[in-house]
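Heads up, the thing below is written out as structure tokens.
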Amino acid sequence: MLEAQIIKKLRDYSLDLSLTVRPGEILVLMGINGSGKSTTLNIIAGLTEPDLAVISLNGECICHSQAGTYVPAEERRIGYVLQNSAVFPHMTVRDNVAFGLRARGGIPRQEIAKQAARWMEQMHIADLAEVRAGNLSGGQKQRVALARALAIGPRLLMMDEPFTALDTESTQTVKDLTRRFVKAMQIPCIVVTHRLTDSTEIGDRACVLCNGKKEWEGVPSEMPGFCSVCHCRD
Amino acid sequence: MIAIAKRFRQDKTRRKLAYLAAGILIAAVTLYLALPILAIFLRITPEQFFTTIQNPQVISALWISLFTTCITLVVVIAVGTPFAYFHSRYSYPGKVIVDTFIDLPLVLPPAVAGVALLMLYGRVGLLGQYFNMLGIQIAFTTLAVIMAQIFVASPFYLRQAKSLFEQIDPAYEQTARTLGASPLRTLVSVTLPMTASGLVSGAVMTFGRALGEFGATIMFAGNLPGVTQTMPLAVYVGMESNLFLGLTISILLVIISFAIMLAVRLIQKREDPHA
Amino acid sequence: MNGRLTPKRFALISMIFALILAAALFAGCTQSTTSTTPATTAATAAPATPDTTYVATTAATAAQTTVAKTATPVPTYTSSETNIVSFTAASLSGVSPALGAGFNSAYPPHKVAFNLDGTQALKTQVENGAYSDVFISASNSYTNTLKSEGYFVNDSVKTLCTNYVIVILPASNPANIQSLSDLAKPNVKIAMAANTVPVGTATAAVINNLANSTYSQAWKNATMANVVTYETSEPAVATKVSLGEVDAGFVYQSTSTAAAAGTYKSITIAQKDNYLQTYTIGILQESKNKAIATDFENYMLSSAGQQILKQYGFTPAA
């Protein structure tokens, strides 16, 4: 379960919101470009420093500005999939998927190999195991990124515009896989997207940001068609 | 109908003209670069070459050049890579000035670089005088050759490395971090492999510049066969007394440079056939 | 359409480029003075020697030293109806501005442009087609070679002046050298010219003579072991000494005489052991201005020219 309260002054406005995501729940974060969605994810991941924040994951506090707690990004065990998937192009699919396991240290090689094989199997990319990740299609890369993120056994999965660069069929595949594993692993999940269809197809709850503030929150199918603050969704 | 046919013919002529111009341009540039090199090879016979190659002066210059250039390369890469990495990742006061100084040796005449090194490290130099008191002599030693090479050649690598590290999409390193990789592992497993090809090309340029260094060397390190007489110095001195000596060493330099560049290109091709 | 490289535009740009390149190559071929620098490497190397400009500085003396009284650059000229080019041994760097000015006032409006470099380098350049009207050589053997190869108008080759070898020390004399025998002391740093440079051959001969007549072979070996650099021109040796980077250097007496007071200490070498370097001046066959070149030669051999040479420490010809 993720609980986060974040305040950060950005260029044009202040990011000020609080999020709660339950285990197994997919929260879709929406808003126009520049409304603070990616910054929010980066702060939760520990890649950007907030001005003021209290973030806890499964009860463990990973960031508390007043108390001075700040767990570095390497230790937060959060799976993060980016828009361009960021698969390491010079490594094979297998090495990509195993990267997080190897980075953790202390896991025997056979175990790593087993886990990597299992995840590649689950994501239907086992036949691409020895292919250099740079040579894959967009949809394949996204599945590799997902496998890589889930292989570390994360406590939270975050995805930033994961479907934007994919075709319809790949989008459907990735959505299905995401839903399946988030439910199976019972981890909270945040998906950032700007497409209404994505939120209804994948989200359990949706939340709209406008100028850094939560402008609406609720069930995706009930999302109003306009933004009451700035009319940005008209 | 006639108008259409006329226009089609005009287009075709224009295209032919363009190809012709392109062909002339390519030929002109290639010949301008290749013919002088060819001329060196044609002025000496193979027998003369193989005889002269055994001249102790040639062997000594060859050894000094290769030895110093290799050390220069190792130092520049070992020190320059972390430097370029930190320089590109962090902003600090005076960063712009540091940037300028990295570029300075590129526009400085090599002789001036030699004078500068002499003024600092020479026996009566600003720092050199203290070294001298401790009995450490820098000018006129093989060390001086290496220092001169590092001074003039390092900008090639530093600029390249800096630019590569700046341009690499931060998403890769960020993702590596979220996956639990320490900064060192990220550097070694992600950043360096992704920039390797560019770094190698920077290293090749550094090698070439260091191998060909003349002006700073003769000013700071002097010209002493067996100690500081590198191949370029030997060519210059040799050309005046013994044409074949100069030609032989020149040919050796061409062969070495060519071989290195070819080897690097082949390695890069093998690693990344799509490049 | 704006900004796109259509085949038409590409053809136009290529043709302009090709024309510029052709023009440059054409100009280069008809350039009357092409000074060839020896082939260096495939990588960039900028030798410290000037190649096509005619300035009164020399190879490695990029630093302003006190070797000569003035090192003011002479304006660059190409050979024309009024001006001539003189390839001149580098040891005349210091005296060349005065000679140039003297020639110009004696034979107005003619001017001379000096290309100063080690005689060996100049000889190679001439042999490879470089243009000059006059050649002033510091070495008889190089002169004779050029004569036999047919580059000189042989009748015009005359002795210009002579010079002896001398040892100079930095003013501070860091190694406390009081006599020639001290040159063999351990840890003394000596600079001399490479044996392809005329003064280098002279130095080698002088050291040999000294070893045979006064000091021993052991002295010679120790002295030679103290050499830390073989410079490519005579002024470069003087520079190393004046900078204090070496303890002693073998140069021409003219350098020592012409230097500002207090620049060097010196140790003379007796004439019987010394090597008399003979400078010759001659007109080259390829000269297109033989009349003016002859005027210049006459001036150099005249009492006016010889007087200037004497002022700068050269021994007059007669």
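Tell me, yes or no, whether segment A:187-210 has at least one residue that is within 27 Å of residue A:46 (Cβ to Cβ), touching a residue at least 12 places away in the same chain (Cβ under 8 Å) and more than 17 Å from the chain's Cα centre (by Cα).
Scanning segment A:187-210, I find at least one residue that is within 27 Å of residue A:46 (Cβ to Cβ), touching a residue at least 12 places away in the same chain (Cβ under 8 Å) and more than 17 Å from the chain's Cα centre (by Cα), so the answer is yes.
Can you tell me which of (1) without any contact (Cβ under 8 Å) to a residue 24 or more places away in the chain; (2) touching an Asp or Glu at 6+ places or on another chain (Cβ under 8 Å); (3) more than 8 Å from chain C (Cβ to nearest Cβ) is the one residue B:230 doesn't meet?
(1)
Please find, among C:174, C:170, C:186, C:198, the residue that is crowded, with 22+ Cβ neighbours inside 10 Å, farther than 22 Å from residue C:317 by Cβ and within 14 Å of another protein chain (Cβ to nearest Cβ).
One residue alone meets the criteria, C:170.
What's the total number of residues in segment B:182-191 that are crowded, with 17+ Cβ neighbours inside 10 Å and not hydroxyl-bearing (Ser, Thr, Tyr)?
Result for segment B:182-191: 3.
Go over the candidates A:38, A:85 one by one and state the one that is in contact with a Gly (Cβ under 8 Å, 6 or more places away or on another chain), within 21 Å of residue B:169 (Cβ to Cβ) and at pLDDT below 90.
None of the others qualify; the one that does is A:85.
So residue B:200 fits all but one of (1) within 7 Å of another protein chain (Cβ to nearest Cβ); (2) out of contact with any Ser or Thr (no Cβ under 7 Å at 6 or more places or on another chain); (3) within 30 Å of residue B:68 (Cα to Cα); what number is the exception?
Just one mismatch for residue B:200, condition (1).
Those residues that are closer than 15 Å to residue B:219 by Cα, surrounded by fewer than 18 Cβ atoms within 10 Å (Cβ to Cβ), more than 10 Å from every other protein chain (Cβ to nearest Cβ) and of a type in the set (A, V, I, L, M), I need them from segment B:117-146; list them, please.
Passing the criteria: B:120, B:143.
For segment B:161-173, state whether one or more residues are more than 30 Å from residue B:266 (Cβ to Cβ) and surrounded by fewer than 19 Cβ atoms within 10 Å (Cβ to Cβ).
yes
Can you go through C:238, C:261 and tell me which one is among the small types (Gly, Ala, Ser), more than 11 Å from chain B (Cβ to nearest Cβ), out of contact with any Cys (no Cβ under 6 Å at 6 or more places or on another chain) and crowded, with 23+ Cβ neighbours inside 10 Å?
C:238
Residue by residue, here is whether (1) part of a helix (DSSP H, G or I); (2) surrounded by 15 or more Cβ atoms within 10 Å (Cβ to Cβ); (3) modelled with pLDDT of 90 or more holds:
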position: A:124; (1), (2), (3): no, no, no
position: A:139; (1), (2), (3): yes, yes, no
position: A:194; (1), (2), (3): no, yes, no
position: A:201; (1), (2), (3): yes, yes, no
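Would you be able to say whether some residue in segment B:78-85 is away from chain C (no Cβ under 11 Å), among the hydrophobic types (A, V, I, L, M, F, W, C) and touching a Lys or Arg at 6+ places or on another chain (Cβ under 8 Å)?
Yes, segment B:78-85 contains a residue that is away from chain C (no Cβ under 11 Å), among the hydrophobic types (A, V, I, L, M, F, W, C) and touching a Lys or Arg at 6+ places or on another chain (Cβ under 8 Å).
Are any of the residues in segment B:208-218 surrounded by 22 or more Cβ atoms within 10 Å (Cβ to Cβ), over 30 Å from residue B:89 (Cβ atoms) and either among the polar types (S, T, N, Q) or touching a Lys or Arg at 6+ places or on another chain (Cβ under 8 Å) (or both)?
Looking for residues that are surrounded by 22 or more Cβ atoms within 10 Å (Cβ to Cβ), over 30 Å from residue B:89 (Cβ atoms) and either among the polar types (S, T, N, Q) or touching a Lys or Arg at 6+ places or on another chain (Cβ under 8 Å) (or both), one finds at least one in segment B:208-218, hence yes.
Residue check: is residue C:194 within 16 Å of the chain's Cα centre (by Cα) and under 15 Å from residue C:281 (Cα atoms)?
It is false that residue C:194 is within 16 Å of the chain's Cα centre (by Cα) and under 15 Å from residue C:281 (Cα atoms).
In segment A:162-187, how many residues are surrounded by 15 or more Cβ atoms within 10 Å (Cβ to Cβ), outside any helix (DSSP H, G or I) and touching a helix residue (DSSP H, G or I) at 6+ places or on another chain (Cβ under 8 Å)?
The total comes to 4.
For segment C:271-293, which positions are of a type in the set (A, V, I, L, M) and either touching a residue at least 12 places away in the same chain (Cβ under 8 Å) or surrounded by 18 or more Cβ atoms within 10 Å (Cβ to Cβ) (or both)?
C:276, C:281, C:283, C:284, C:292, C:293
Within segment A:126-149, can you find the residues that are more than 16 Å from residue A:101 (Cβ to Cβ) and of a type in the set (Val, Ile, Thr)?
Result: A:131, single match.
Please work out which residue is farthest from residue A:55 (Cα to Cα), limiting yourself to segment A:86-100 and to residues that are buried (at least 24 other Cβ atoms within 10 Å of the Cβ) and more than 9 Å from chain B (Cβ to nearest Cβ).
A:93
Among the residues of segment B:154-191, write down those that are touching a residue at least 24 places away in the same chain (Cβ under 8 Å) and within 20 Å of residue A:132 (Cα to Cα).
B:168, B:187, B:191
Keeping to segment B:211-227, report how many residues are facing chain C (nearest Cβ under 8 Å) and either within 15 Å of the chain's Cα centre (by Cα) or within 17 Å of residue B:156 (Cβ to Cβ) (or both).
5
Among the candidates B:143, B:126, B:104, B:118, which residue alone is over 22 Å from the mean Cα position of the chain (by Cα), aliphatic (A, V, I, L, M), over 22 Å from residue B:167 (Cβ atoms) and in a helix (DSSP H, G or I)?
B:118
Cβ-Cβ below 8 Å, separation at least six or inter-chain, first residue in segment C:127-146 and under 13 Å from residue C:280 (Cα atoms), second part of a loop (DSSP other than H, G, I, E, B): which pairs?
Final answer for the pair search is C:134/C:287; C:135/C:151; C:143/C:157.
Conditions: (1) in contact with a Gly (Cβ under 6 Å, 6 or more places away or on another chain); (2) without any contact (Cβ under 8 Å) to a residue 60 or more places away in the chain; (3) within 14 Å of chain C (Cβ to nearest Cβ); (4) not hydroxyl-bearing (Ser, Thr, Tyr). Residue B:237 meets all but one. Number of the miss?
(1)
Identify the single condition in (1) at pLDDT below 90; (2) of a type outside the set (D, E, K, R); (3) closer than 18 Å to residue A:120 by Cα that residue A:185 does not satisfy, given that it satisfies every other one.
(1)
Looking at residue C:140 and the list (1) surrounded by fewer than 19 Cβ atoms within 10 Å (Cβ to Cβ); (2) in contact with a strand residue (DSSP E or B) (Cβ under 6 Å, 6 or more places away or on another chain); (3) within 14 Å of chain B (Cβ to nearest Cβ), which single condition is not satisfied?
Among (1) surrounded by fewer than 19 Cβ atoms within 10 Å (Cβ to Cβ); (2) in contact with a strand residue (DSSP E or B) (Cβ under 6 Å, 6 or more places away or on another chain); (3) within 14 Å of chain B (Cβ to nearest Cβ), residue C:140 violates only (3).
Select, from B:27, B:21, B:34, B:39, the only residue that is in a helix (DSSP H, G or I) and at the interface with another protein chain (Cβ under 8 Å from one of its Cβ atoms).
So the residue among B:27, B:21, B:34, B:39 that is in a helix (DSSP H, G or I) and at the interface with another protein chain (Cβ under 8 Å from one of its Cβ atoms) is B:21.
For segment C:62-81, check the following and say yes or no: at least one residue is within 12 Å of the chain's Cα centre (by Cα), crowded, with 20+ Cβ neighbours inside 10 Å, at pLDDT below 90 and not in a helix (DSSP H, G or I).
No, every residue in segment C:62-81 fails to be within 12 Å of the chain's Cα centre (by Cα), crowded, with 20+ Cβ neighbours inside 10 Å, at pLDDT below 90 and not in a helix (DSSP H, G or I).
Name the strands (runs of 3 or more DSSP E) wholly inside segment C:173-253 in which the number of residues that are closer than 19 Å to residue B:135 by Cα is 2 or more.
C:227-231
The values are calculated or read from the model by the stated rules, or taken from the named source; none is laboratory data. Please read these numbers as outputs of a predicted model, since none were measured by experiment. Heads up, the Cβs are rebuilt from the backbone with ideal geometry, glycines too, and the neighbour counts pull from every protein chain shown.
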